[in-house]
Amino acid sequence: MDWMLEDLASSVPQTRHVVVLSSDGLCMAQHGTDEDTADRLAAACAGLQSLSAAVGAEFPHGDGKMKLVVIEVDGGFFYLMAAGAGAYLAVLAEDDVDAGLMGQRMRDLVLRIGQHLSSPPRADQQVP
């Protein structure tokens, strides 16, 4: 999956970090970042995903599942996109990134490899 994340980063100028994470905040893959940063981003994304679900529950129609969160801060943008069952794609980019191109490339990546980005629920480990 590394080459696909690298492809996203190289196809959208000003991309800083690309992280794939499970819904419980575990980093599954990364590009353009070190392990500690990827783990911090993955943990923060789990919180955002949870907040998004709470907001989504307020809409009377639809299932309320989070599809995309975009946060703009001084210095850049943060994107979090649902990417299969129990998996998410997160990207940090500089403030002069082409936001439309980023959204399009993220959607393309999710469609191309969505089944590979899925993170099935963990089974409870039963000890006899």
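The values are calculated or read from the model by the stated rules, or taken from the named source; none is laboratory data. This is a predicted model, so every value here is computed, not measured. All Cβ positions, even for glycine, are placed from backbone atoms using ideal geometry, and neighbour counts span all protein chains on display.
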Pull up segment 97-110, narrow it to residues that are closer than 19 Å to GLN14 by Cα and without any contact (Cβ under 8 Å) to a residue 40 or more places away in the chain, then point me to the one that is surrounded by the fewest Cβ atoms within 10 Å (Cβ to Cβ).
-> GLY100
Selection from segment 8-23 of residues over 17 Å from MET81 (Cβ atoms) and either in a helix (DSSP H, G or I) or modelled with pLDDT under 90 (or both) yields SER10
Name the residue, out of GLU58, GLU72, that is in a loop (DSSP other than H, G, I, E, B) and either closer than 20 Å to VAL12 by Cβ or over 12 Å from the mean Cα position of the chain (by Cα) (or both).
-> GLU58
Pairs, first under 21 Å from GLY103 (Cβ atoms) in segment 12-30, second of a type in the set (Phe, Trp, Tyr) and surrounded by 22 or more Cβ atoms within 10 Å (Cβ to Cβ), C-beta under 6 Å, six or more apart = LEU21/TYR88
Would you check if there is a residue in segment 5-28 being touching a Lys or Arg at 6+ places or on another chain (Cβ under 6 Å) and surrounded by fewer than 16 Cβ atoms within 10 Å (Cβ to Cβ)?
-> yes
Filter segment 31-47 down to the residues that are surrounded by 21 or more Cβ atoms within 10 Å (Cβ to Cβ) and among the hydrophobic types (A, V, I, L, M, F, W, C), then identify the one that is nearest to ALA82 (Cα to Cα).
-> CYS45
Can you give me the number of residues within segment 4-58 that are touching a strand residue (DSSP E or B) at 6+ places or on another chain (Cβ under 8 Å) and charged (D, E, K, R)?
-> 4
Being free of Cβ contacts under 8 Å to residues at least 12 places away in the same chain and surrounded by 12 or more Cβ atoms within 10 Å (Cβ to Cβ) is the filter here, so list the residues in segment 56-96 that pass it.
-> GLY56, GLY64
What are the residues in segment 90-105 that are modelled with pLDDT under 95 and within 9 Å of the chain's Cα centre (by Cα), if any?
-> none
